[in-house]
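**Q** Starting off with a structure, shown below.
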Amino acid sequence: MSSSTVDSHAPTTKGKPNPSDSKRAQKKAPRRIRFGLMVGLLIGAVIWELAGRFYFEPIFFKPLSEVILALFNLFTSPVFWNALAESLQLFVAGFFIGTFLGLILGIVIGRITLIGSALESYVTVLYVTPPIAMIPFVLSILGFGYWPKAIIVSWFVFFPVCITTIEGVRAVSPRLLEVARSFGSGEARTWKDVVIPSTLPFAMSGIRQGVALGFVGVVAAEFLLDASGIGLLLRTYSRLYQTDNLFAAVIVMTFLGLSVMAIGRWVEKRFATWRQ
Amino acid sequence: MATVIQSPVIGEDTKTTPTVKKKRRSWKNSIAWLATTLVILIIWQIGVGLFGKDYMATPIGVITAVPDVLFNDPKLWPGVWETFAVVFRGLILSVVVGTALGLIMGRVTFVADALAPYVNGFYATPMIAVLPIITLWLGFNTSATFALVVFAAIPPMAVAAWDGSRTIPVRYLEVAKSFGARRRDVWVGIAIPASLPYLLAGFRLASGRALSAVVIAEFLIGTGDGLGIHIMRLAQNFNHNEAIVAIMILTLVGLFLAIGIERILRRRYPWFRKS
């Protein structure tokens, strides 16, 4: 399947900085000007504009210029900012609940091996179940309102955090633990000085995933449960066939998603500097 | 594919896994496992009995619902078939397109620069946000579900193939070259085996996202007879026990994909660490 793209090429890393190069070397190299990026974006924009103008029915597809106009209108309307604030609030609540529980349960499972093996298998099983499948249950048990949504968001966040925390706790160097124990450190002290500091970098990669998934959870909850925030906005636009607004809202979601991922990556880098 | 390709260069020293320690502890672990499981189930059963509502799922209810759902529910297996047919078709398409895209991106920097904003952007956009647009274009039917699966599964495959094709150790290529390897040998012997763990990891992500996508799409589209719709209807009619049995099928497929691939990765590519 890949042989056609593959055959016509010589060794891979030619002319490119080796990814295993040290950070110093990467910093020294001047920033490559990405013509490809500009060309790609330009082509995309032109195709979008032309397709919207000449090819599609306006109800299905709007040219880029109209979508940008709609984007401006969106940014100047208080409706949008209120929706964004509402979603953000839901995100923060769900994220903190999910992270908190995920960290605690992760450390417990990872540290107390006897119970851990059983609990871990259940966490794994629930982790591979699409979290969206929980929404009908939450809906029929808890109904509408704010907390069901927050529960859904924290469900999305909980599992990646918990699982990476378990891995992190397991990866704590046994030598460090032995040293701590032989110097008479109690369990609480060991957690504080050994377990948590060496788990945190692992947990951070879970938290990074949790941030991204939590954002998905917000949209899912707002779309499928009590409609509010950005989810409500999307729903309204699609039901009213306001295609330009719908596209603008989706673009906003894309940028929110990208920035949420960037924040997650920044957080991970910031706190995980001592991970090998 | 992974079972066929024996990587002569990389996968040499893989078969040394410390199993002795594990075996010694395993009976103790399995007793602990059983005990904890029992405690969880008892707490669940009693908790629902005391505080829950009578339609909520309980372990006993779920167990008694299993034969009922599996054998007497006329809508279950057609739904399973419909849903997973969409998932697997979508995954196959995504693997082919995503891998091709990623490999081209790994080869040609210009293409990578041009496509990166799209791949990253699609990756970051929540699937649910795109669904209104997809249904607007394709209508409320199975092809919209299929489109969402593909939308969800292509970006992780592309990113994985992209990463994989960029991280082939130069040393291997140099050795191969100095021993006069032909280009085809380099690809079959080095490049593909070296990027396989990445592809497998990408496939794991992609399959997880595809499962989510199919459920989301069926929930929101609301027509058809897929497994997702079936779960939704069962849950909304307060048949929670039956709904959980149906979800378990979803989970089993998810587990099969995730753990099966994890196993392959661990066994064949122990040097490969995920993320």
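**Q** Can you run down the residue pairs with Cβ atoms below 6 Å, 6 or more apart or on separate chains, where the first is in the range A:171-183 and under 13 Å from A:PRO197 (Cα atoms) and the partner is of a type outside the set (Ser, Thr, Tyr)?
**A** A:VAL172/A:VAL195; A:LEU176/A:VAL194
**Q** Just to check your reading of the model, which residue among B:VAL111, B:VAL66 is surrounded by fewer than 19 Cβ atoms within 10 Å (Cβ to Cβ) and more than 27 Å from the chain's Cα centre (by Cα)? Reasoning before the result, please.
**A** Working: B:VAL66 fails: more than 27 Å from the chain's Cα centre (by Cα).
Exactly one residue qualifies, and that residue is B:VAL111.
**Q** With A:ILE151, A:ILE135, A:ILE141 as the choices, which residue is modelled with pLDDT of 90 or more and of a type in the set (A, V, I, L, M)? So that I can check it myself, show each step before the final result.
**A** Details: A:ILE135 fails: modelled with pLDDT of 90 or more; A:ILE141 fails: modelled with pLDDT of 90 or more.
The conditions single out A:ILE151.
**Q** Which of the residues belonging to the range B:124-171 are at the interface with chain A (Cβ under 8 Å from one of its Cβ atoms), among the hydroxyl-bearing types (Ser, Thr, Tyr) and in contact (Cβ under 8 Å) with a residue 24 or more places away in the chain?
**A** Listed by number, the residues that qualify are B:THR135, B:SER165, B:THR167.
**Q** Checking the conditions here, which among A:PHE202, A:PHE223, A:PHE255 is in a helix (DSSP H, G or I), assigned by TED's automatic domain parsing to the domain that holds A:THR165, touching a Gly at 6+ places or on another chain (Cβ under 6 Å) and free of Cβ contacts under 8 Å to residues at least 24 places away in the same chain? Even if it seems obvious, please write down each step before you answer.
**A** Working: A:PHE202 fails: free of Cβ contacts under 8 Å to residues at least 24 places away in the same chain; A:PHE255 fails: touching a Gly at 6+ places or on another chain (Cβ under 6 Å).
So the residue among A:PHE202, A:PHE223, A:PHE255 that is in a helix (DSSP H, G or I), assigned by TED's automatic domain parsing to the domain that holds A:THR165, touching a Gly at 6+ places or on another chain (Cβ under 6 Å) and free of Cβ contacts under 8 Å to residues at least 24 places away in the same chain is A:PHE223.
This table checks each residue for (1) within 11 Å of another protein chain (Cβ to nearest Cβ); (2) in contact with a Gly (Cβ under 9 Å, 6 or more places away or on another chain).
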site: A:SER117; (1), (2): yes, no
site: A:LEU126; (1), (2): yes, no
site: A:THR129; (1), (2): yes, yes
site: A:ILE135; (1), (2): yes, no
site: A:SER154; (1), (2): no, yes
site: A:CYS162; (1), (2): no, yes
site: A:ARG170; (1), (2): no, yes
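**Q** Hey, could you check the range A:92-147 for residues that are outside any helix (DSSP H, G or I) and either touching a residue at least 60 places away in the same chain (Cβ under 8 Å) or touching a Lys or Arg at 6+ places or on another chain (Cβ under 8 Å) (or both) and say which is farthest from B:ALA235 (Cα to Cα)? Lay out the reasoning, then the answer.
**A** Residues of the range A:92-147 outside any helix (DSSP H, G or I): A:112, A:129-130, A:143-145.
The next check asks that each one be either touching a residue at least 60 places away in the same chain (Cβ under 8 Å) or touching a Lys or Arg at 6+ places or on another chain (Cβ under 8 Å) (or both); those that pass are A:144-145.
On the way: A:PHE144: 15, A:GLY145: 18 Å.
Per the criteria, the residue is A:GLY145.
**Q** Can you name the residue in the range B:188-233 that is part of a helix (DSSP H, G or I) and charged (D, E, K, R) and, of all such residues, is surrounded by the fewest Cβ atoms within 10 Å (Cβ to Cβ)?
**A** From the range B:188-233, those part of a helix (DSSP H, G or I) are B:188-221, B:227-233; that's our starting set.
Narrowing further to those that are charged (D, E, K, R): B:204, B:209, B:218, B:233.
Details: B:ARG204: 22, B:ARG209: 25, B:GLU218: 28, B:ARG233: 18.
Within the range B:188-233, the match that is surrounded by the fewest Cβ atoms within 10 Å (Cβ to Cβ) is B:ARG233.
**Q** Continuing with this model, one more query. Given the criteria under 21 Å from the mean Cα position of the chain (by Cα) and of a type in the set (S, T, N, Q), does B:SER165 qualify? Write out each step before concluding.
**A** On the way: under 21 Å from the mean Cα position of the chain (by Cα): no; of a type in the set (S, T, N, Q): yes.
Considered against the rule, which asks whether it is under 21 Å from the mean Cα position of the chain (by Cα) and of a type in the set (S, T, N, Q), B:SER165 comes out as no.
**Q** If I filter the range A:225-243 down to residues being surrounded by 18 or more Cβ atoms within 10 Å (Cβ to Cβ) and closer than 17 Å to A:LEU88 by Cα, which single residue comes out as farthest from the other protein chains (Cβ to nearest Cβ)?
**A** Here is the first cut: in the range A:225-243, the residues surrounded by 18 or more Cβ atoms within 10 Å (Cβ to Cβ) are A:225, A:228-231, A:233-235, A:237-238, A:243.
Among the residues that remain, those that are also closer than 17 Å to A:LEU88 by Cα are: A:225, A:228-231, A:233-234.
Working: A:LEU225: 11, A:SER228: 14, A:GLY229: 12, A:ILE230: 8, A:GLY231: 8, A:LEU233: 10, A:LEU234: 6 Å.
For the range A:225-243, the residue satisfying everything is A:SER228.
**Q** Next up: Test of understanding: among A:SER121, A:SER87, which residue is within 24 Å of the chain's Cα centre (by Cα), modelled with pLDDT of 85 or more and within 14 Å of chain B (Cβ to nearest Cβ)? Full working, then the answer.
**A** Numbers: A:SER121 fails: modelled with pLDDT of 85 or more.
Of A:SER121, A:SER87, the one residue that is within 24 Å of the chain's Cα centre (by Cα), modelled with pLDDT of 85 or more and within 14 Å of chain B (Cβ to nearest Cβ) is A:SER87.
The values are calculated or read from the model by the stated rules, or taken from the named source; none is laboratory data. Note that the coordinates shown come from a computational prediction; the quantities given were computed from them, not determined experimentally. With ideal geometry, Cβ positions are generated from the backbone for all residues, glycine too; neighbour counts draw on all protein chains shown.
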